[in-house]
1. Looking at residue 445, is it at positive phi and of a type in the set (Lys, Arg)?
2. Please work out which residue is most open to solvent (accessible area, probe 1.4 Å), limiting yourself to the range 154-177 and to residues that are in contact with a Leu (Cβ under 6 Å, 6 or more places away or on another chain) and in a loop (DSSP other than H, G, I, E, B).
3. Would you be able to tell me the number of residues in the range 429-463 that are assigned to a helix (DSSP H, G or I), over 16 Å from residue 330 (Cα atoms) and of a type in the set (A, V, I, L, M, F, W, C)?
4. Just the residues that are of a type outside the set (A, V, I, L, M, F, W, C) and either open to solvent by less than 20 Å² (accessible area, probe 1.4 Å) or touching a helix residue (DSSP H, G or I) at 6+ places or on another chain (Cβ under 9 Å) (or both), please, taken from the range 367-384.
5. Inspect all residues belonging to the range 473-480 and state whether any of them is more than 23 Å from residue 549 (Cβ to Cβ), out of contact with any Phe, Trp or Tyr (no Cβ under 7 Å at 6 or more places or on another chain) and touching a residue at least 40 places away in the same chain (Cβ under 8 Å).
6. Looking only at the range 444-457, which residues are of a type outside the set (D, E, K, R) and surrounded by fewer than 20 Cβ atoms within 10 Å (Cβ to Cβ)?
7. Out of contact with any Ser or Thr (no Cβ under 7 Å at 6 or more places or on another chain), part of a loop (DSSP other than H, G, I, E, B) and β-branched (Val, Ile, Thr): is that true of residue 280 in this structure?
8. For the range 178-215, give me the residue count where each residue is closer than 22 Å to residue 276 by Cβ, open to solvent by less than 50 Å² (accessible area, probe 1.4 Å) and in a strand (DSSP E or B).
Amino acid sequence: MPAPSPEDSATLKIYRATPPKINDLVNTKLEVSFDYKKCYMYGKEWVTIKPHFYPTDTLRLDAKGMDINNVSIVENGKNIPLKYVYQDSLSLAIQLDKVYHNDESYTIYIDYTSKPNQLKEHGSAAINDAKGLYFINPDGKDKDKPIEVWTQGETEASSAWFPTIDKPEQKTTDEISMTVPAKYVTLSNGRLASQKVNADGTRTDTWKMELPHSPYLFMMAVGDFKIYHDKWHDKPVDYYLEPKYAPFAKQIFGNTPEMIDFYSKTLGIDFPWYKYSQIVVRDYVSGAMENTTATLHGEQVQETGRQLIDSYYDTDDNQVDIAHELFHQWFGDYVTCESWSNITMNESFADFSEMLWGEHKYGKDMGDAHSYKALQEYLGTPGAENHNLVRYHYLDKEDVFDVVSYQKGGRILNMLRNYLGDAAFFKGLNIYLKTNAFSTGEPQKLRIAMEQASGLDLNWYFNQWYYGAGNPNLTINYKWDAGTKTETVYLQQTQVGQTFILPFAVDIYEGGKKVRYKEWMRDKTDSLTFTSDSKPDLVNVDGDKVLLAKKTDNKSLDEFVFQYFNAPLYLDRYEAITAAAKDQTNKGAQKVIIAALKDKFYELQIKAIKALNMDNDAIHNAALPVLASLAQTDVNTLVRAAAITKLGKLKASGNMDIFKESLSSQSYAVQGAALTAIDELDPAQAMKLAKGFEADNMDALTVAITHIYTTNGADAEWPFVYNGFMKSNPQDQFNMINEFATLAGHVKNPEYTQQGIMVLKQDGIKYKKYGADSFLIGLIQGIKDERIKMNDAASTKAADEAIADIKAAK
């Protein structure tokens, strides 16, 4: 992370207070219609407000980039114009007709036009745009893309499509009437109260939200969607998808009722809203958004039946996102962070819920694996250790949407759950939600609820983890003293900054038994001493594997081997496989690696497969029959694909039958691995076989065909490579991009080359804010070098212009 400029340093000293509440929203009524040609929305609003406490004769509303046609107060059914100043096209300062007290409300009428495409706003790492209102393919020119309108409110972009007090601490009921072409479907918060067919070919749908929620959680969506109707108890649970994907709605979203039931029972509070809908839109600016009663997902969640064969929780973010956004309906929507400084009260809980659902539905290994990945994402992010979880100082409110608020915050909740125990922890969450229902929350409210539930003082925990930064870097060493029959554990925190107080379990394995000790570390350097009849087989510090720490655990390889076969948790086995992979000449390590090929958890199977050193004869001989079996019969398609990939790298012709048989699988992952393995043995045959998959390929199979075509193909293969790349998800595009650029440089047709350059330029501009511009410029430069050799002046010029455009982009 670059050092802040002096100006930034001064900005960081500003205390980001919760905004003062001068006026409170009560109800928001909207009537809107859309001009698809201009990308305008015409709106009429009746917003009912009352002073929060002190009398006032003024009102300030956020209203970004609008034309304001009329501002009036409604009295006895009449609109009486008011004086107002529209400041910087961002804020309406309204002079009311009198002084109002907090026991009286008033209604303001506003006639306005929203012009989102003329608004210059920026987003965050989590939400990459902030126009509020989005017109997708409004002129219908892109025949492969539907015409849609949708909104995105977080953080403060709802005020780009209706004037409001755009702060999370505000709560209002609402009524939204949308007039749209009659052929389209609409969705908004709450219930569909009425539909009226108009004479001009339009229809007006009125949605009513009769429980209060924050303005950033308002939503609208309009388009050609098919609705799959599900339910939980007597509440509607609906899934809105493009018609092409409607047959797979139940496979994509079908766990939702079970999730609602699980979260309701776990929290002791039934799903609090009238309905729950999920809708999938194109060109979305984030992964998903937890609008109250109506979560909006990006198009990546739409998958075909064949894609879903390879869709496993924790290896496919779609199922994780479904769990995450649903939990927000309690933590974020029902109780909302009182300010963006306190976003942990929304996002840390939703992140924690991902692990919670994975554990419940798929077993503890799944929950632990997901939690460990989240921990590594936090630990692996440069500069993350510098930020408090509760962020009262930031440059921009968008900065708080990061690995600290999400992944670190989720792990902090999981540690608290472990420390208090499930019963007290979930009782505390129940108290917190009930106490603050339809209102706002902050960590101190959570602390009080947890203390009420558990009877324990938790100031130390919240001061350390919520109001402090960083994490322990924990080094663990061991010493056995045969004379005194004592095992000493030496603990050292090596991080700069605060010393962490750490409660944890220590498990001592000796003589076929396990004894658990509850211990604390309170200083930077500490030691623990245990008596034992003989040298323990294993001392397992952090026996529950929940510490939010960067650990250096100096166990011997023999101890890690024992750990794999005797300690029960995912991370116990993960650590042992990692240690064993480093020295596969060791007999014990070999036993771990071979045993892990059949681990009960598929992700550890894949880890072991990838770690195999097949140049080691002992490993090769023991692993080969296991790999062959996994490649043909394992129930998990990703394990099968990993085994096929490993076999393919051996380049042994005896495995060809396995690879060819695997091509008949319905799994794209298995087919892709098999085709790549055949390419290792016989590139010409792989080229012929790849042609047969051009009509039906996605994900891993598309990547495999692209690799074969870019390695062995030419101009004839470019259209497939180009179209496949353009239709792939961002991760698959990243996996293919080097080969995509290579083929773009080598094809004979300059038009193909320039197509490739244009794609790389667009990505260079799009991902510049994430630091990917240098990499993409390098790819374009590589193409340019190739075209110079081919005397292709037009493509050389196009490359120079693309590089200049990326450098000039802001």
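The values are calculated or read from the model by the stated rules, or taken from the named source; none is laboratory data. Please read all numbers here as calculations on a predicted model, not as lab measurements. Reconstructed Cβ throughout: ideal geometry from the backbone, glycine too, with neighbour counts over all protein chains shown. Surface areas here come from the heavy atoms of the whole protein model, side chains and all, with no ligands, DNA or RNA. Shrake-Rupley method; radii C 1.70, N 1.55, O 1.52, S 1.80 Å.
1. Numbers: at positive phi: no; of a type in the set (Lys, Arg): yes.
No: the conditions fail for residue 445.
2. Out of the qualifying residues, it is 165.
3. 5
4. Passing the criteria: 367, 368, 370, 371, 372, 373, 376, 377, 378, 381, 383.
5. yes
6. Going residue by residue through the range 444-457, those that are of a type outside the set (D, E, K, R) are 444, 446, 448-450, 452-456.
Of everything in the range 444-457, those that are of a type outside the set (D, E, K, R) and surrounded by fewer than 20 Cβ atoms within 10 Å (Cβ to Cβ) turn out to be 444, 448, 452, 453, 454, 455, 456.
7. no
8. Of the residues in the range 178-215, 12 are closer than 22 Å to residue 276 by Cβ, open to solvent by less than 50 Å² (accessible area, probe 1.4 Å) and in a strand (DSSP E or B).
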